[in-house]
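Report on the following structure.
The values are calculated or read from the model by the stated rules, or taken from the named source; none is laboratory data. Remember, predicted model here, so these are calculated numbers, not experimental data. As a convention, Cβ positions derive from the backbone with ideal geometry for all residues, glycine included, and neighbour counts pool all protein chains shown. Quick note on the areas: whole protein, heavy atoms, side chains included, nothing else; ligands and nucleic acids left out. Shrake-Rupley method; radii C 1.70, N 1.55, O 1.52, S 1.80 Å.
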Amino acid sequence: MTVTAIVGANWGDEGKGKITDALAAESSYVVRFQGGSNAGHTIINDYGKFALHMLPSGVFYPGVTNVIGPGVALDVDSFMAERDGLLVKGVPAPSLRVSERAQIVLPLHRLLDELEEERLGNRGFGSTKRGIAPFYSDKYAKLGIQAGDLYHDARLREKLNQLLELKNVLLVHLYGKESVAVDSLMSTLLKQAEKLLPYVCDTTKMLGEACDNGDTILLEGQLGALRDPDHGIYPFSTSSSTLAGFAPVGAGIPPYAITNVTTVVKAYSSCVGAGPFVSELAGSEAEQLRKRGGDAGEYGATTGRPRRVGWLDAVATRYGCRVQGATEIALTNLDVLGYLNSIPVCVGYQLSDGTTTNCFPVTAKLENAKPIYEYVEGWKCDISGARALNELPDAARHYIAFIENLIGVNIKYISVGPRREQLMVK
Ligand code: GDP
C-alpha cells in the first residue's frame with residue numbers, strides 16, 4: 001500500500017496538479033483534504049487543457065475514485081460546473097464522492113469575502129474572493145453547514161437563522177448592504193443539495209476500508225507550505241493547513257497511513273497574491289521568466305493574475321520541505337530555465353539588522369530580507385524532449401544536484417514540460 005501526500009514546498013502553483021495527474025494513473029483514490037475553489041491546478045492531457053479548482057486531479061482516469069474530504073471548503077456550483085465541463089470535452093464521467101462532513105461555501109461567504117477585501121483596500125491580503133476566509137472562520141466558530149445538513153430541512157433552516165443573525169449585522173451596519181433572507185439562502189441550498197445528493201457519502205468509512213485493503217491513495221494538497229496558517233507567511237497565508245501533516249485529518253484516514261510526502265518544487269519561484277517574496281524579480285528580468293514559465297506564461301489558473309516570479313529560493317524551499325516532512329521532491333518546470341547563461345539560486349538572506357541567515361525567518365523579519373545568490377551554469381537548450389536523466393545536459397544535471405544538496409531531500413521526479421509524459425523518475 002502507498003498513501004502519498006502531494007503537497008507544495010512554496011507559495012502554491014508548483015505544478016502539483018500535473019504530478020497528481022501523472023501519479024493518479026497508478027492509484028485507486030485521489031483525495032482533496034483542504035482548501036476550496038481558491039486555487040487552480042492546470043492539467044494538460046489527451047483530452048485538452050483543464051484548470052481544476054474544486055475537483056481532485058484524478059478525474060481523468062475512470063478507475064480512480066475522486067474524493068472531497070471533510071477538510072475541504074466545498075463550493076457546490078464550482079464542483080458541478082467543473083464536472084459538466086469535463087463531460088463537454090469528452091472526458092468519461094468521473095467517479096466522485098463528497099464527504100457528508102465536508103462543509104459548504106455559501107454565497108454569503110463569497111459576498112463577505114468580496115466586501116471585506118474592498119473595505120481593506122490596499123491593506124488586503126490578496127484574497128481570491130472565493131469565500132474561503134469567511135468559510136473557515138465560520139467553520140471554526142461552529143456556524144458552518146455540513147453537506148449532511150443539506151438533507152435535514154428543519155435543522156438547516158435553524159442553522160442558517162443562527163448564522164444570518166450575526167452576518168446580517170455585518171452586512172447592514174459594517175458594509176452598508178441589504179440583509180440576506182433565510183428563505184432565499186434556503187432555496188439556493190436545497191437546489192444545490194439535490195444536485196449533490198448522488199455524490200454524498202461516508203467517505204471516512206470508504207477510505208478507512210481502502211487503507212485496510214492496502215489500496216493506493218493520493219492526498220492532493222492545494223497551495224504550498226508558505227501559505228500554511230501556522231507555518232507560512234501569516235497573515236499572507238490561506239485559511240486551512242496546506243501541510244501533509246493535516247492531510248490525514250482533512251481526508252479522514254489514520255496519520256500513520258501516509259507512506260510518502262512528495263513535495264513539489266518549481267525550478268524557479270512564483271507566487272500569486274500578496275506577502276513577502278525575497279527572491280522576487282522586477283522589470284524585464286521578471287517579464288522574461290514570466291512569459292516562459294508554466295505552460296503559457298505565469299498567470300494564475302484561478303484568477304488570471306500575472307504571477308510574481310523570481311529565482312529559486314533554497315532558504316524558503318528547504319524550510320517548506322521540512323515543515324511538509326518531504327520524503328522526496330518532484331522538481332517541475334526545469335525546461336523553463338533553458339534560456340539562461342547562468343542561473344541564480346537564493347542561498348541565504350541578509351536581514352535588516354545586518355545579519356545573514358539560511359533559516360527561513362518569521363514574517364516580521366522576512367519583510368525587509370534581501371536575497372544572497374549563488375550562480376549555477378545554465379544549459380542554454382531545450383530539454384523538454386528528455387525522458388531520462390542521461391538525456392539531460394550535464395549543466396542541467398548539475399543544477400538538480402546543486403538544489404538537492406541545498407535542500408537536503410532526494411529529487412525523485414523531474415518534470416520538463418506541462419504534459420503528462422514530460423516527466424522522468426530519478
Ligand atoms: P498547481 O496548483 O501546483 O497544480 O500549479 P498550477 O497548475 O497552478 O501551475 C503550474 C503551471 O506549470 C501550470 O501552467 C502547468 O501546466 C505548468 N507545468 C507543470 N509542470 C511543468 C513543467 O515541468 N514545465 C512547464 N513548462 N510547465 C509545467
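Just a few scattered comments:
- Within the same chain, lysines fewer than 8 places from Lys167 are excluded, and of the rest, those with a Cα less than 16 Å from its Cα are Lys139, Lys142, Lys159, Lys177.
- Taking amide H atoms as placed 1.01 Å from N in the peptide plane, the amide H of Val72 lies under 5 Å from those of Gln103, each 5 or more residues away in sequence or on another chain.
- Per residue, the chain exposes 40 Å² of accessible surface when a 1.4 Å probe is rolled over the protein heavy atoms with every protein chain present.
- Cβ crowding within 10 Å averaged over residues, with 166-174, 33-41 ranked highest first: 33-41, 166-174
- Residues of type lysines that Lys426 reaches as a straight line, Cα spacing below 26 Å, ignoring anything fewer than 8 places off in the same chain: Lys16, Lys18, Lys266, Lys380, Lys412
- Percent of alpha-carbon pairs separated by more than 18 Å within the range 2-90: 39
- Mean-position separation - Cα centroids, the range 178-248 and the range 88-113, in angstrom: 9
- Stokes-Einstein diffusion of the range 103-198 at 10 °C, 1.306 mPa s viscosity, Kirkwood radius from Cα pairs, rounded to a whole number: 114 µm²/s.
- Counted over the chain, the DSSP beta bridges are approximately 40% antiparallel.
- The protection proxy used here, the mean number of other Cβ atoms lying within 10 Å of each residue, ranks peptides 416-424, 348-356 as follows, highest first: 416-424, 348-356.
- Percent of C-alpha pairs per 5 Å bin, the range 208-348, short to long: 2, 9, 17, 20, 19, 14, 9, 6, 3, 1, 0
- Rounded tilt (10° steps) of 76-88 against the dominant C-alpha axis of the chain: 60
- Distances between placed amide hydrogens fall under 5 Å for Gly293 paired with Glu298, all partners being 5 or more residues away or on another chain.
- Angle in degrees between helix 107-120 and the longest Cα principal axis of the chain, rounded to the nearest 10: 60
- ³J(HN,Hα) computed for each position of the range 31-48 - Karplus, 6.51 cos²θ - 1.76 cosθ + 1.60, integer Hz, glycine/proline x: 10, 7, 10, 7, x, x, 8, 8, 9, x, 10, 8, 10, 10, 8, 5, 7, x
- If you sort the three axes of the alpha carbon gyration tensor as a ≥ b ≥ c, you get a/c of 1.5 or more for the range 180-273 and a/b no higher than b/c, which makes it oblate.
- At 0.692 mPa s and 37 °C, Stokes diffusion of the chain via Kirkwood alpha-carbon radius, µm² per second: 148
- Highest-MSF residue in the chain out of Thr262, Thr242, Thr327 [GNM, Cα springs under 10 Å]: Thr327
- Karplus-derived HN-Hα couplings along the range 165-176 (A = 6.51, B = -1.76, C = 1.60, θ = phi - 60°), whole Hz, x at Gly and Pro: 3, 7, 5, 5, 5, 5, 4, 7, 8, 8, 9, x
- In the calculated pair-distance distribution of the range 117-157, the portion above 11 angstrom amounts to 71 percent of the Cα-Cα pairs.
- Among the protein heavy atoms, those of Lys380 account for about 120 Å² of accessible surface (1.4 Å probe, every chain in place).
- When you restrict to C-alpha pairs under 8 Å that are six or more residues apart and normalise by the size of the chain, the relative contact order lands at 20 percent.
- One way to sum up the overall shape of the range 250-291 is the equivalent ellipsoid from its Cα gyration tensor, whose semi-axes run 35, 12, 8 Å, largest first.
- Taking the range 133-279 and dividing mean pair separation by its residue count, relative contact order in percent (alpha carbons under 8 Å, at least six apart): 16
- Max-minus-min Cα coordinates of the range 21-162 on each principal axis give 45, 41, 24 Å, with the largest extent listed first.
- For Tyr373, the amide hydrogen comes within under 5 Å of the amide hydrogens of Val347, counting only partners 5 or more places away or on other chains and with H modelled in the peptide plane.
- Taking the convex hull of Cα positions in the range 251-334, its mean projected area over all directions (nm²): 6.9
- When nucleic acids and ligands are ignored and a 1.4 Å probe is applied, Thr65 ends up with an accessible area of around 20 Å².
- Solvent-accessible area, 1.4 Å probe, carbon plus sulfur percent, for the chain: 50
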